[in-house]
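Following: one structure in structure tokens, then a few remarks.
The values are calculated or read from the model by the stated rules, or taken from the named source; none is laboratory data. In this text the structure is predicted, and so the values were computed from the model without any measurement. Cβ atoms come from the backbone with ideal geometry, glycine included; neighbour counts cover every protein chain shown. Surface accessibility is based on the protein's heavy atoms, side chains included, excluding ligands, DNA and RNA. Shrake-Rupley method; radii C 1.70, N 1.55, O 1.52, S 1.80 Å.
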Amino acid sequence: MKKQILKCLFLSLFSFLFAHEVNHSFSIDLFGDVKSTPNSFMGAAFEYDFSFDDINFISGFQYFDGLYSFSVDAGNKNLYRKAFEKSQISFGVNGGINVLAYAEACELNLFALTGALYETSSHFSFTGEFGLLFKNSFIFPDTKDTFWLYEFTPIVSLKVLKQFPFGLDLMFSFSTFSFHEYPLFCTPFYTVEAGYNITEKHRIALFCRLRIADQFTTAPYLSSGMLGINWRYYL
């Protein structure tokens, strides 16, 4: 009976993949934080993307300075699309879960977003996303007690992307979260990235990500400054 169930599931998945155009890719990040000590300077991240039709699924893992991060994100960013003469706009939703593990603490982050993507025929695009984040923190001190904290905070992401005919693209974004980091609203990220498509299957990019703490409250300061390289392979 179990073999028959597994066979049915395998055949269903097999037929589904042939009925839809499925795209896969994975990427590896190597980065360093200029604000960290020499012993904890380098970090690494791995990400896997899976998409079919307008559905997109992303999962990833990151390690940096004793911090482990696991993230899953899924959504449909083309629920509604309106085309114009030389541009188009689309609306969608997505949500995800992130787990951060420290030596003496753990965070569970759940978020939901709704957003819009505006694209032009000149390969320029603007993306705006707005949503809500639920942060659940567990703290394990030296004592036997465990502290549990939870809070809600708004999240926002704005991104501008320009693609050039010779394979180069430039991106700038302002966001109150990243795929592996979900601080409170007053700690945004500023990211600049330059990428180049070496071939149809290989892309390489250089990025700089600045995290500004307490920007909208008291005295802003540079919390982290990431410099890194990204390699993506399209299956």
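For Cα extents along the principal axes in Å, the choices are (1) 56, 41, 37; (2) 82, 36, 29; (3) 56, 55, 33; which was calculated from the structure?
Matching the structure shown: (3).
Of V192, V34, V99, which has the largest mean-square fluctuation in a 10 Å C-alpha GNM of the chain?
Residue with maximal mean-square fluctuation among V192, V34, V99: V34.
Calculate what fraction, in whole %, of the accessible area of region 99-211 sits on carbon and sulfur atoms when a 1.4 Å probe is rolled over the protein chains.
Whole-percent figure for carbon plus sulfur exposure: 69.
What does the net charge come to around S137 if you take all other residues with beta carbon closer than 9 Å to its beta carbon, with K and R at +1 and D and E at -1?
Numbers: positive: K135; negative: E107, E151.
So the environment of S137 carries a net charge of -1.
From the phi of every residue in region 81-94, what ³J(HN,Hα) in whole Hz does the Karplus formula 6.51 cos²θ - 1.76 cosθ + 1.60 yield, where θ is phi - 60° and glycine or proline is x?
For region 81-94, the Karplus-derived couplings read 9, 10, 9, 10, 5, 10, 7, 8, 10, 9, 10, x, 9, 7 Hz, x marking Gly and Pro.
Work out the FRET efficiency for I139 and Y68 from their Cβ-Cβ distance, taking R0 = 22 Å, and round it to the nearest 0.05.
On the way: r = 16 Å, r/R0 = 0.73.
Efficiency at R0 = 22 Å is approximately 0.85.
Could you tally the net charge around L227, taking each other residue with its Cβ under 13 Å from the Cβ of L227, Lys/Arg +1 and Asp/Glu -1? Please report the intermediate quantities before stating the final value.
On the way: positive: K35, R209, R211; negative: D29, D33, E193.
Here the charged neighbours net out to 0.
Chymotrypsin sites (Phe, Trp or Tyr not before Pro) within region 147-222: which are DSSP loop residues with at most 10 other Cβ atoms inside 10 Å?
F166
Tell me, what is the FRET efficiency for L30 and K82 to the nearest 0.05, using R0 = 45 angstrom and their Cβ-Cβ distance as r?
Details: r = 40 Å, r/R0 = 0.88.
Here the calculated transfer efficiency is 0.70.
Which value results for Rg/Rh of region 115-211 when Rg is the Cα radius of gyration and Rh the Kirkwood radius based on the inverse mean 1/r? Write out the running numbers ahead of the final one.
Numbers: Rg = 18.2 Å, Rh = 15.9 Å.
Using Cα coordinates only, the ratio equals 1.14.
If you take every residue apart from G115 with its C-beta less than 9 Å away from the C-beta of G115, what net charge results, scoring Lys and Arg +1 and Asp and Glu -1?
On the way: positive: K77; negative: E129.
Net charge around G115: 0.
Given a 1.4 angstrom probe, what's the average accessible area per residue across the chain, in square angstrom? Don't skip to the end; give the middle numbers.
Details: 14400 Å² over 235 residues.
So the chain comes to 61 Å² accessible per residue, rounded to a whole number.
Which of T127, T153, T199 ends up with the largest GNM mean-square fluctuation for the chain, with Cα atoms connected below 10 Å?
T199
Per 0.36 nm of contour for each residue apart, how much would the distance between L108 and T199 grow if the chain were fully extended, relative to their Cα-Cα spacing? Working shown, then result.
Details: separation 91, 0.36 × 91 = 32.76 nm, distance 3.80 nm.
Gain on extension, L108 to T199, equals 29.0 nm.
Kindly sort E119, E21, E200 by accessible area of their heavy atoms, largest first, with the probe set to 1.4 Å.
Working: E119 65, E21 135, E200 175 Å².
Reading off the accessible areas and sorting them downward yields E200, E21, E119.
Tell me what the chain gives for mean residue ellipticity at 222 nm when only DSSP H runs of n ≥ 4 count, each as -39,500 (n - 2.57), the sum divided by the residue total, rounded to 500 deg cm²/dmol. Please list the in-between numbers first.
Details: 1 runs with 18 residues, N = 235.
Here the helix-only value at 222 nm equals -2500 deg cm²/dmol.
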